[in-house]
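Accompanying notes for the structure given below.
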Amino acid sequence: MEQVNSKVATNKYFVLDMSKEELFTTLTAGHPYSDSLKKNLDDSLFYLIFDIPGLRAQVTALAVIKSIDVRRTSIKLDSVISGDITGGLFSGVDQYDINRFQSLSQIDFEAYFERNFVEKIKGKEAEFLYYKNKEIHDRYSKGN
């Protein structure tokens, strides 16, 4: 696996017909320290992790998640941070896979996020969708 940094900015906005609490009970915490419903309901900045199967990439994006009302939640995709590219079983990651990931545009990432994150949540297929509370994750990543 190779991590490829990507600083693609976006402002794409999505609305889910579920409460913020329901969203976080649907997703899987990407780190045990992020699994704090009270904190997640108070905070709004999160890393969201989703797959792009055709590229064999697991993408980390920064998003703002807010309650609109008791039954709706907004996700504003802020930026794509990185992608973990996996290679073939025997071949590993090759430059072609990295180049394909790096060539993705803002519009490409937004479409993949909608298809592989938002639509999966709406279809109740969120088994492999992860989140990390940005504040908690960044604090523990720095060793504090």
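The values are calculated or read from the model by the stated rules, or taken from the named source; none is laboratory data. Everything quoted here is computed from the prediction, not taken from an experiment. Here Cβ is always computed from backbone atoms with ideal geometry, including for glycine, and neighbour counts include all displayed protein chains.
Of note:
- Residue in the range 95-111 that is within 18 Å of L37 (Cα to Cα), of a type in the set (D, E, K, R), in a helix (DSSP H, G or I) and more than 17 Å from the chain's Cα centre (by Cα) present: no
- Hits in the range 126-144 (condition: among the acidic types (D, E) and either touching a strand residue (DSSP E or B) at 6+ places or on another chain (Cβ under 6 Å) or over 19 Å from L77 (Cβ atoms) (or both)): E127
- Within the range 85-144, if we keep just the residues that are of a type in the set (S, T, Y) and over 23 Å from T28 (Cα atoms), the residue that is modelled with the lowest pLDDT turns out to be S91.
- Evaluation of T60 against the conditions (1) modelled with pLDDT of 95 or more; (2) surrounded by fewer than 17 Cβ atoms within 10 Å (Cβ to Cβ); (3) of a type in the set (S, T, N, Q) shows that the sole unmet condition is (2).
- Selection of the range 29-63 for residues being closer than 24 Å to S91 by Cβ and acidic (D, E) yields only D51.
- Just so you know, in the range 1-54 the residues that are in a strand (DSSP E or B) and of a type in the set (D, E, K, R) include one that is nearest to L129 (Cα to Cα), and it is D51.
- Top-ranked residue of the range 19-34 - restricted to ones that are within 15 Å of R71 (Cβ to Cβ) and among the polar types (S, T, N, Q), ranked as surrounded by the fewest Cβ atoms within 10 Å (Cβ to Cβ): T25
- S67 fulfils the conditions (1) assigned to a helix (DSSP H, G or I); (2) surrounded by fewer than 17 Cβ atoms within 10 Å (Cβ to Cβ); (3) in contact with a helix residue (DSSP H, G or I) (Cβ under 8 Å, 6 or more places away or on another chain) except for a single criterion, (1).
- Within the range 84-125, tally of residues that are among the acidic types (D, E) and out of contact with any Asp or Glu (no Cβ under 9 Å at 6 or more places or on another chain): 4
- In the set L16, L48, L37, only one residue is surrounded by fewer than 17 Cβ atoms within 10 Å (Cβ to Cβ), among the hydrophobic types (A, V, I, L, M, F, W, C), in contact (Cβ under 8 Å) with a residue 12 or more places away in the chain and in contact with a helix residue (DSSP H, G or I) (Cβ under 8 Å, 6 or more places away or on another chain); that residue is L37.
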